[in-house]
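Below: the structure, in structure tokens.
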Protein chains: 2
Amino acid sequence: MEQQLNLVTLGVGDLAQSRRFYTDGLGWSPEFEVEGEVTFYQVGHGLLLGLFGADDLATDATRPLTKGNTFSLAYIVQDRPKVDEAVARVRAAGGDVLKGPVVGAFGGYHAYIADPDGYLWEIATNPGFSVDDDGNTHIGSFDAEEA
Amino acid sequence: MEQQLNLVTLGVGDLAQSRRFYTDGLGWSPEFEVEGEVTFYQVGHGLLLGLFGADDLATDATRPLTKGNTFSLAYIVQDRPKVDEAVARVRAAGGDVLKGPVVGAFGGYHAYIADPDGYLWEIATNPGFSVDDDGNTHIGSFDAEEA
């Protein structure tokens with residue numbers, strides 16, 4: 001299993017308020033957003049910070065969590081067998097598999113696992129996510145049938 | 001304020017157990033560790049994942065948080081005036097400054113702020129942290145007098 005973290009998603013109570021803080025307040029430019037649903041900022045080489053409704057994230061991860069403390073770390077791989085392999089590795093390591101792998105609402109094939117403290121990792125294909133040679137991330141729409 | 005995230009620190013209940021999960025379980029190699037105190041893994045270009053006692057992290061951030069939900073995102077800058085500038089920007093954006101800027105236990109000059117959902121960002125100088133042209137991170141000891 002590679003040592004990688006591609007995306008940090010913060011579950012937020014009020015997306016408009018959080019967006020104002022990061023975009024208007026800190027002056028950050030979204031890389032991609034769907035109004036009222038999700039906002040992504042590039043915060044490093046191949047790295048995104050996402051703002052997503054805390055309730056939506058908890059539902060997606062099938063684990064209700066306290067508002068303000070719901071977040072996930074994403075490990076993005078190229079194909080479904082790599083998701084299965086990583087999930088098997090996590091299971092063997094004693095990690096708790098909360099969900100999947102299944103095809104998620106966003107079209108990718110994904111699983112949620114919890115580390116020993118309950119920190120959420122999403123292991124997923126995400127064909128809408130790519131990183132070019134300069135580290136620029138791209139995330140957006142894609143053909144779900146190819147996920 | 002740059003769009004950047006340099007370090008994700010997970011506050012853990014049992015460092016030895018978490019270290020076993022990531023190192024022995026997932027097969028990840030620590031970039032740097034102080035036995036019984038902290039372990040860092042490189043998880044991307046210029047990006048580290050840290051494991052640190054949840055109680056220690058909560059104490060450092062001057063905010064007791066629930067075990068398993070204590071984590072921080074670090075924004076590392078080159079000098080103290082840049083810490084002050086970023087903190088001023090956050091304050092103007094309505095962010096809550098929980099601590100500092102002050103010289104922290106690790107020797108760097110840092111502040112903890114909370115975003116609208118209470119997510120912790122540490123804004124800091126960390127002269128023990130560097131990233132080379134290939135994205136390899138280095139973190140470790142340094143001369144605290146220069147921080």
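Need one word for the range A:8-87: rounded, prolate or oblate. Basis is the Cα gyration tensor (sqrt eigenvalues a ≥ b ≥ c); a/c below 1.5 gives rounded, then a/b vs b/c decides. Since a/c reaches 1.5 but b/c is at least a/b, the shape of the range A:8-87 is classed as oblate. For the range A:27-61 and the range B:1-62, what is the centre-to-centre distance using only Cα atoms, to the nearest Å? With the range A:27-61 and the range B:1-62 each reduced to a Cα centre, they are spaced 23 Å. Between B:GLU31 and B:PHE40, B:TYR41, B:GLN42, the built amide H atoms are under 5 Å apart, and every one of these is 5 or more places off in sequence or on another chain. For the range B:7-146, what does the alpha-carbon gyration tensor say about shape, rounded, prolate or oblate, given a ≥ b ≥ c as the root eigenvalues, a/c under 1.5 as rounded, and a/b over b/c as prolate? The shape class here is oblate.
Normalised by the residues of chain A, what does the relative contact order come to in percent, with Cα pairs under 8 Å and at least six apart? Walk me through the numbers before you get to the answer.
Working: 295 pairs, mean separation 34.2, N = 147.
Dividing the mean separation by the residue count of chain A yields 23 percent.
For B:PHE106, inter-copy separations between label points set 7 Å beyond Cα along the Cβ vector come to 2.7 nm, shortest first.
Note that the range A:98-111 has calculated 3J(HN,Hα) couplings of 7, 7, x, x, 9, 7, x, 4, 7, x, x, 9, 8, 9 Hz, one per residue in order, obtained from phi through the Karplus relation 6.51 cos²θ - 1.76 cosθ + 1.60 (θ = phi - 60°); glycine and proline are x. Near A:GLY53, the amide H atoms lying under 5 Å from its own belong to A:VAL12; only residues 5 or more places off or on other chains count, and H is placed 1.01 Å from N.
Shortest first, B:ARG91 label-point distances to identical copies amount to 5.3 nm, with the label point at 7 Å from Cα along Cα→Cβ. Along the range A:35-41 the Karplus relation, 6.51 cos²θ - 1.76 cosθ + 1.60 evaluated at θ = phi - 60°, assigns HN-Hα couplings of 3, x, 10, 7, 9, 10, 10 Hz to successive residues, with x for each Gly and Pro.
Each copy carries B:GLU37; placing its label point 7 Å along the C-beta direction from Cα gives inter-copy distances of 4.7 nm, listed from smallest up. For chain A, the longest principal axis of the Cα atoms and the long axis of helix A:80-92 meet at an angle of about 70 degrees.
Near A:LEU48: Cβ cut-off under 12 Å, other residues only, Lys/Arg at +1 and Asp/Glu at -1. The net charge is -2. Identify all aspartates and glutamates with a Cα-Cα distance to A:LYS82 below 14 Å; exclude those on the same chain that are fewer than 8 residues away in sequence. Excluding near neighbours in sequence, the set is A:GLU2, A:GLU122.
Readers should treat all values here as calculations from the given coordinates under stated rules, not as data from a laboratory. Here the structure is a predicted model, which means the values were calculated and not measured. Cβ coordinates were reconstructed from backbone atoms using ideal geometry, including for glycine residues, and neighbour counts include every protein chain displayed.
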